[in-house]
1. Among (1) within 30 Å of Phe143 (Cα to Cα); (2) at pLDDT 80 or above; (3) open to solvent by 60 Å² or more (accessible area, probe 1.4 Å), there is one condition Arg51 misses while meeting the rest; what is its number?
2. In the range 212-244, how many are open to solvent by 10 Å² or more (accessible area, probe 1.4 Å) and on the phi < 0 side of the Ramachandran plot?
3. Return the pair list, or none, for Cβ contacts closer than 9 Å from residues in the range 67-82 that are over 19 Å from Ala217 (Cα atoms) to residues that are open to solvent by 100 Å² or more (accessible area, probe 1.4 Å) and assigned to a helix (DSSP H, G or I), at least 6 apart or on different chains.
4. For residues that are at pLDDT below 90, in a helix (DSSP H, G or I) and open to solvent by less than 50 Å² (accessible area, probe 1.4 Å), tally how many sit in the range 245-257.
5. Determine whether Met240 is modelled with pLDDT of 95 or more, outside any helix (DSSP H, G or I) and closer than 19 Å to Pro149 by Cα.
6. Considering only residues that are basic (Lys, Arg), in contact (Cβ under 8 Å) with a residue 60 or more places away in the chain and touching a helix residue (DSSP H, G or I) at 6+ places or on another chain (Cβ under 6 Å), which ones fall in the range 120-147?
7. Looking at (1) free of Cβ contacts under 8 Å to residues at least 40 places away in the same chain; (2) open to solvent by 10 Å² or more (accessible area, probe 1.4 Å); (3) closer than 27 Å to Ala189 by Cα, which is the one condition that is false for Arg167?
8. In this structure, is Asp46 open to solvent by 70 Å² or more (accessible area, probe 1.4 Å) and either modelled with pLDDT of 80 or more or charged (D, E, K, R) (or both)?
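The values are calculated or read from the model by the stated rules, or taken from the named source; none is laboratory data. Owing to the predicted nature of the structure, the values given are computational and were not obtained by experimental measurement. Every residue, glycine as well, gets a Cβ built from its backbone with ideal geometry; the counts of neighbours run over all protein chains shown. Surface accessibility is based on the protein's heavy atoms, side chains included, excluding ligands, DNA and RNA. Shrake-Rupley method; radii C 1.70, N 1.55, O 1.52, S 1.80 Å.
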Amino acid sequence: MSHLYIWSRVRFGMSVCAALALFASGCSTTADQTKKGSASSHDLADAVIERYIRAHPEVIVQSLQAMEAKRRAELQERQRVALATKQDELLHDPSSPVSGNPKGEITLVEFYDYRCGYCKRAASAVTQLQKEDPRVRVVYKDFPILGEPSELAAKAALASQAQGKHRVFHEALLASHADMTKDEILKIAAGVGLDVKRLEADMADPQWQAIIDKNRALAEELGISGTPGFIVGTELVPGMLDLDGLKELIVRAGHQK
């Protein structure tokens, strides 16, 4: 059933209501009668609308479905425009860590949170993709949305760049299922060969919070509200992807193997 047909039925129902309301109020001659007539017409209109809805409940369902479809289409259009205009921030922000082939022709951008279970499940696929496809360059966008421990882990990961061990630390953080307390984060850091004392000092640098805030603003403009979120070109996929899903995303974005 088309949206035009649904709306025509609703308009017909409302027209009937309006006609009945006019008839009910047309004989009122005094101010008091006008008030009574108006109240009566409103009651009559409410009753007609209620009977119509009870007789045709599918109209409400179909209208809600149409509204949701329109909302999704508008969101997708906003995302398309934002993705096209934010390519430089997505691909070439010097504050975003990069792994894989630094000069790769395919850039995969990931928004993630170190405490996100779906990000942890997708992590091995991102790692494997880089091993299998030498064209792939990965840009990491720290997007901590699960509280202060997530922010702490993000700051530690960003700070690890100074020691040249971001990727190995990043993968170790996502592989961990422990709470992201400071002690646990530093324990993971030690396990991958980071100088823990230096890392702890570097984590206090306010620039990491500025980067996180910038990533949050970018995510909002792109309509990303959860993690993970994957982008290739102007294709955005919210949610967890396995290795096949990542490869399909690359193909959809116009890159054939």
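1. Of (1) within 30 Å of Phe143 (Cα to Cα); (2) at pLDDT 80 or above; (3) open to solvent by 60 Å² or more (accessible area, probe 1.4 Å), only one is false for Arg51: (1).
2. In the first step, residues of the range 212-244 are kept if they are open to solvent by 10 Å² or more (accessible area, probe 1.4 Å); the result is 213-214, 216-217, 220-221, 223-227, 233-244.
Narrowing the set further to residues that are on the phi < 0 side of the Ramachandran plot leaves 213-214, 216-217, 220-221, 224-227, 234-238, 240-244.
Counting residues in the range 212-244 that are open to solvent by 10 Å² or more (accessible area, probe 1.4 Å) and on the phi < 0 side of the Ramachandran plot gives 20.
3. Note: pairs meeting the criteria are Ala69/His3; Lys70/His3.
4. Within the range 245-257, the first condition is being at pLDDT below 90, and the residues that meet it are 252-257.
Narrowing the set further to residues that are in a helix (DSSP H, G or I) leaves 252.
Still in the running and open to solvent by less than 50 Å² (accessible area, probe 1.4 Å): none.
Residues in the range 245-257 being at pLDDT below 90, in a helix (DSSP H, G or I) and open to solvent by less than 50 Å² (accessible area, probe 1.4 Å): 0 in total.
5. Working: modelled with pLDDT of 95 or more: yes; outside any helix (DSSP H, G or I): yes; closer than 19 Å to Pro149 by Cα: no.
When the stated conditions are applied, Met240 does not pass them.
6. Applying the first criterion (basic (Lys, Arg)) to the range 120-147 yields 120-121, 131, 135, 137, 141.
So of that shortlist, the ones also in contact (Cβ under 8 Å) with a residue 60 or more places away in the chain come out as 121, 135, 141.
Selection gives Lys141 alone.
7. (1)
8. On the way: open to solvent by 70 Å² or more (accessible area, probe 1.4 Å): yes; either modelled with pLDDT of 80 or more or charged (D, E, K, R) (or both): yes.
Yes: the conditions hold for Asp46.
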